[in-house]
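In what follows, a structure is listed as structure tokens, so that the remarks can point back to it.
The values are calculated or read from the model by the stated rules, or taken from the named source; none is laboratory data. Note that this is a predicted model, so its numbers are computed, not measured. In this analysis, Cβ positions are derived from the backbone assuming ideal geometry, glycine residues included, and neighbour counts consider all displayed protein chains.
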Amino acid sequence: MPEICTPFPTRGRGEMSLSAASASAPRVLVVDDNRDAAELLYELLGLRNFNPTVAYDGVAALDLMRRHDFDLGVFDIDMPLIDGYELARRVRRKVGDGIGLVALTGYGQPADRRRALAAGFDRHLVKPVQPAKLLEVLVELTPDDLADADDSADRDEAADDGDSATTH
């Protein structure tokens, strides 16, 4: 049975709760058989107002997709059971363009990029990726209605803080 962890305990720091993310935060399915990489992405995305969920293989990811809706997916390519290419194809058949997909992989040749895009990924990033680059891509792929809601929430939060900003 594939293991699914959502949320999962972080090393020595208790549990990370998804409830801390805003209700309008984009829901991201992270799929990577490397648990350290998956945990790192989980923590990064959780700190950046995304609502991450982790699966450690393609079978577990498909099970999660049957039970939950996601706005974005970040998939490793080289995984057991179902690789990232096949996972992307199945996700596209299920939800079409209703989800932004990012391949995050160690495969960085031009042919690998073409294969990822042909499988249905919107973007192909090579590990190790700079966190800022991954976040930039995820923001670009975030559905407009969620991005607008997040911008509005940020403005409301700034107003509640009583801080005023002057623009020139």
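Residue by residue through the range 44-77, note down the ones that are in contact (Cβ under 8 Å) with a residue 60 or more places away in the chain and assigned to a loop (DSSP other than H, G, I, E, B). Selection gives ARG48, ASN49, PHE50, ASP71.
Checked against the criterion of being modelled with pLDDT of 95 or more, in contact with a strand residue (DSSP E or B) (Cβ under 8 Å, 6 or more places away or on another chain) and part of a helix (DSSP H, G or I), the candidates ALA88, ALA118, ALA103 yield just one match: ALA88. Of all residues in the range 9-38, those being at pLDDT below 95 and closer than 23 Å to LYS127 by Cα number 2.
Can you tell me which residue is nearest to ARG48 (Cα to Cα) among those in the range 121-135 that are in a strand (DSSP E or B) and among the aliphatic types (A, V, I, L, M)? Talk me through it step by step, then tell me what you get.
Taking the range 121-135 as the starting set, the residues that turn out to be in a strand (DSSP E or B) are 123-126.
Filter once more, so that each one left must be among the aliphatic types (A, V, I, L, M): 125-126.
Numbers: LEU125: 19, VAL126: 21 Å.
For the range 121-135, the residue satisfying everything is LEU125.
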